[in-house]
1. How much accessible area per residue does the chain have, in Å², with a 1.4 Å probe?
2. How high is the FRET efficiency from Leu118 to Ala76, r the C-beta distance, R0 22 Å, rounded to 0.05?
3. Per the Debye formula with a single identical scatterer at each Cα and no solvent contribution, what log10 I(q)/I(0) holds for the chain at q = 0.12, 0.15, 0.17, 0.21 Å⁻¹?
4. In degrees between 0 and 90, to the nearest 10, how far off the longest principal axis of the chain does helix 104-118 point, with axes built from Cα atoms?
5. Above 16 Å lies some portion of the pair distances; for segment 72-149, what is it as a whole percent of all C-alpha pairs?
6. Carbon and sulfur atoms: what percent of the 1.4 Å accessible area of the chain do they account for?
7. What's the angle, to the nearest 10 degrees (0 to 90), between helix 5-20's Cα axis and the longest principal axis of the chain?
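The values are calculated or read from the model by the stated rules, or taken from the named source; none is laboratory data. This one's a predicted model, so the numbers in the text were calculated from it and none came from an experiment. Neighbour counts are summed over all protein chains in view; Cβ atoms, including those assigned to glycine, are modelled from backbone coordinates with ideal geometry. Each accessible area value is taken on the protein alone, full model and side chains, heavy atoms only, with ligands, DNA and RNA left out. Shrake-Rupley method; radii C 1.70, N 1.55, O 1.52, S 1.80 Å.
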Amino acid sequence: EESFKVLTECPLIVMLLFQLYPRYIQTTIPALIPLMVQALALRTPQRALLKHRTAATDFMAAQVKTLSFLTYLLRAFADFMRSYQESIPKCVIQLLLTCPPEAAAIRKDILVATRHILATDFRVGFFSQVDVLLDENVLVGAGPTSLRT
């Protein structure tokens, strides 16, 4: 069976490589950011969500790790990311909307990344999405893990 589990680890490995080899950051980040935003914008077809649920969930986990990496880059590379100020929040909302009910850990990671984005000037991108974001089913989810106290 095909899996996206290896892909999930790639953003973390790239982050580590940048920490080990900082001289490559300035030349690599401008090319990497658009690719990461494009990866965030990808959507799993509905048919695949039903037929290959595990793979689709693994793919979403990879997207969320990419989102986490982007939030890590936000403070240091805000100028490179400014053109994505509207699209990144839209991707976050889409991830929350499509996050499977049983994927509480993925939803938690999306919310942590959202908190980091809201702590920057990029919060402006969420203004048009605030009604959707504050919907309990979107924010917390509707799965059994979100209903436990």
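1. Dividing the accessible area of the chain by its residue count gives 60 Å².
2. Result of the calculation: an efficiency of 0.80.
3. Taken in order of the listed q values, log10 I(q)/I(0) reads -0.51, -0.78, -0.99, -1.40.
4. The answer is roughly 40 degrees.
5. When every Cα pair of segment 72-149 is considered, 49 percent fall beyond 16 Å.
6. Looking at the chain in its full context, I get 61 percent from C and S.
7. So the inclination is approximately 30 degrees.
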